[in-house]
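Read-outs throughout are calculated quantities, based only on the coordinates presented, and are distinct from any laboratory measurement. Just so you know, these numbers come straight off a predicted model, no measurement behind them.
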Amino acid sequence: MRLHPALIILAAALTLPLPTLGSETSETDLTIAGAYVRMVPPGTPNSAAFMTISNRGSSDRKLIQAESPVARKAELHTHLNDQGVMRMRQVADIEIKAGAQTELKPGGYHVMLLDLQQALKEGDSVVLTLRFDDGSTKEIDAAVKKPPTVMNAPTPATHGAMKY
Ligand SMILES: [Cu+2]
């Protein structure tokens, strides 16, 4: 049996890797959903941002930096249970494993917004810029929301483990 030469060429072309497509998809391997910033009473110096980061790529990624125009400084934090007391601690990065997702949520990882430059009213939208270890950045809008009333999460004002 003989294949038509044109079919052979077509088959070869279909199996060729497409390098430009590969590098484009690495830009979009990370998606961010459900981003919000905790509404805080006026005069509160700090707040926090939460979201779910999904990594559809084949390599582990790390969130390494965050910034926002509403805060003088943004840090990556986690919560640790220190002998029954939940304390916040700064971390160097937040990992998002390949094919998995990492949730930033009250009581866990969060983007700490320090020294707020403006009041955060419910319904406001806050711009966050997130930088990842592959050099990519994402700019997202996070809605300002009231904290869930069901849980007794520590507020930024009781941020005992941190020095300013
Ligand atoms: Cu914090």
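Tabulated data
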{"item": "Cut-off under 5 Å, modelled amide H: who pairs with Lys62 long-range", "result": "Ile96, Asp133, Asp134"}
{"item": "Note, ³J(HN,Hα) from phi for the stretch 83-93, Karplus 6.51, -1.76, 1.60, rounded to Hz, x at Gly and Pro", "result": "6, x, 10, 7, 10, 8, 9, 6, 10, 6, 7"}
{"item": "The stretch 45-89: C-alpha gyration tensor shape, a/c 1.5 cut-off, then a/b vs b/c", "result": "oblate"}
